[in-house]
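The values are calculated or read from the model by the stated rules, or taken from the named source; none is laboratory data. Computed from a prediction, not measured in an experiment: that's the story for all the values here. Every residue, glycine among them, receives a Cβ derived from its backbone with ideal geometry; neighbour counts consider all protein chains shown. Surface areas here come from the heavy atoms of the whole protein model, side chains and all, with no ligands, DNA or RNA. Shrake-Rupley method; radii C 1.70, N 1.55, O 1.52, S 1.80 Å.
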Amino acid sequence: MKSNSLRTRIRITYLINLIAPTLVLALSLVMLNYSPMTIIKRSIKTVSLSEIYECQDLGTEYVELTVDTLYHTGQEYIANSITEGAYYYALEDGKCYFFLLSSRCLEELATSGTELDVLHDITIRGRLTTNERALSILTFTISDALNWSKDSLSNITCDYIVKELDFGYHKTIAIINILCALIIVSAVIMLMCILCILFPILHLPIIRLLRYGNPIKHLKQAENELSSNVRLRQANLIVTDNYFINLSNQVVSVIPLDKIIWAYRFSSYHTLRHMNRKITFTLCVLCSGNVLFKSPHLIKTDTSVLLSYLETNYPDILVGYSKEHEQAALKRARIN
């Protein structure tokens, strides 16, 4: 076996582990880039009230604008017996503009201490929509309140309602937050994998050898013994003169034999697929200093051969799980 096989196997392990976060990151970026909210944010245009007609002519559907004063019309927007917003209007340059603000937006304003009857200097993001029936009802209500004729108000009323309610997309915002979290987590995992590929010494089971001296020296010695001093090889489980080594793709570990106090296994039943149910075993090795190494997803035969070898050749090692072994091992681990 090549002298650098341990570091090579660690790199292979992290290359495999790099696949999943890379796919998640790529998929999350694509979904984020083409999500409705992202598209809206890219297409939104900052305008003034007088530019609303131009926006519609140019195909701009979503706008952001700041209004000096908004007055409550007294009309609420109700859908499925639930109040989802309220209508407001603004008078500017001889024109009347109507807005539909969501209950969420109004609750935020109320929380900040804003009176909701008249809103001042408010910035709104919304969608330009048309609704002749809603405009007819609103102009009738406002004309009566202002002592104007309905026809007079209709003549100066903008044909579009700025509907802030359509801009919320609460579920979409929640999905975007989830996607952003996935991107951050995936990026962190990818960075860790890349660092371990470049510097195998950063592999956690190797770093844990700090408890027993210089990890680099342990790694080099274990690699040398893999080349010439193998005492037992059962699949990816190897015992050399001074180390127990696991070379599986799930986890690569190097454990000094003289530090092992207790070795045992437990089973796990996997039912991810109805036709592929199986039992795998996790090998647990407790060492001095209360350091626990776990090797998951092993088969029964491999763990049986290893545990039998340790029990036969290293009588000081407690082998197999029992309450007596657990109590004795934990006591020895704390003392050492």
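Note that region 188-336 carries a Kirkwood radius of 16.3 Å, evaluated over its alpha carbons pair by pair.
In the structure shown, the pairs 259/294; 259/331; 220/294; 259/300 are assessed against 20 Å; a Cα-Cα span above that value is assigned to 220/294; 259/300. Distant-in-sequence amide contacts of residue 250, defined by a placed amide H-H separation under 5 Å and a gap of 5 or more residues or a different chain, comprise nothing. Taking each residue as 0.36 nm, the span from residue 232 to residue 267 lengthens on full extension beyond its C-alpha to C-alpha distance by 10.3 nm.
Of the residues 89, 34, the one with the largest accessible area comes first in the ranking 34, 89, computed with a 1.4 Å probe on protein heavy atoms.
Summing Cβ point charges (Lys, Arg +1; Asp, Glu -1) relative to the Cα centre of region 51-164 gives a dipole of roughly 320 debye.
Taking H as built 1.01 Å from N, whose amide H comes closer than 5 Å to the amide H of residue 262, not counting residues under 5 places away? Long-range HN contacts for residue 262: 286, 318. Leaving out ligands, DNA and RNA, and with a 1.4 Å probe, what % of the accessible surface on the chain is carbon or sulfur? Looking at the chain in its full context, I get 55 percent from C and S. Here the Debye sum runs over all C-alpha atoms of region 277-336 as equal scatterers in vacuum, and log10 of I(q)/I(0) at q = 0.17, 0.21 Å⁻¹ comes out as -0.63, -0.91. Surface analysis of the chain yields an accessible area of 56 Å² per residue, using protein heavy atoms and a 1.4 Å probe. Matching the structure-derived Cα Rg over 2.2 N^0.38 Å against the labelled list [x] 1.15; [y] 1.20; [z] 1.71 gives the label [z]. Dipole of region 170-298 computed with +1 at Lys/Arg Cβ and -1 at Asp/Glu Cβ about the Cα centre; of 230, 200, 260, farthest Cα towards the positive end is 260. As an exercise, find the ratio Rg/Rh for region 136-264 from alpha-carbon atoms, using the Kirkwood inverse-distance average for Rh. In region 136-264, Rg relative to Rh is 1.63. Hydrodynamic radius of region 189-237 by the Kirkwood approach over all distinct alpha-carbon pairs: 12.3 Å. Here the sum of -39500 (n - 2.57) over DSSP H runs of 4 or more residues, divided by the residues of the chain, equals -14000 deg cm²/dmol at 222 nm, to the nearest 500. Note on region 211-336: dipole from Cβ charges, positive end direction compared against 243, 312, 298; the farthest Cα belongs to 298.
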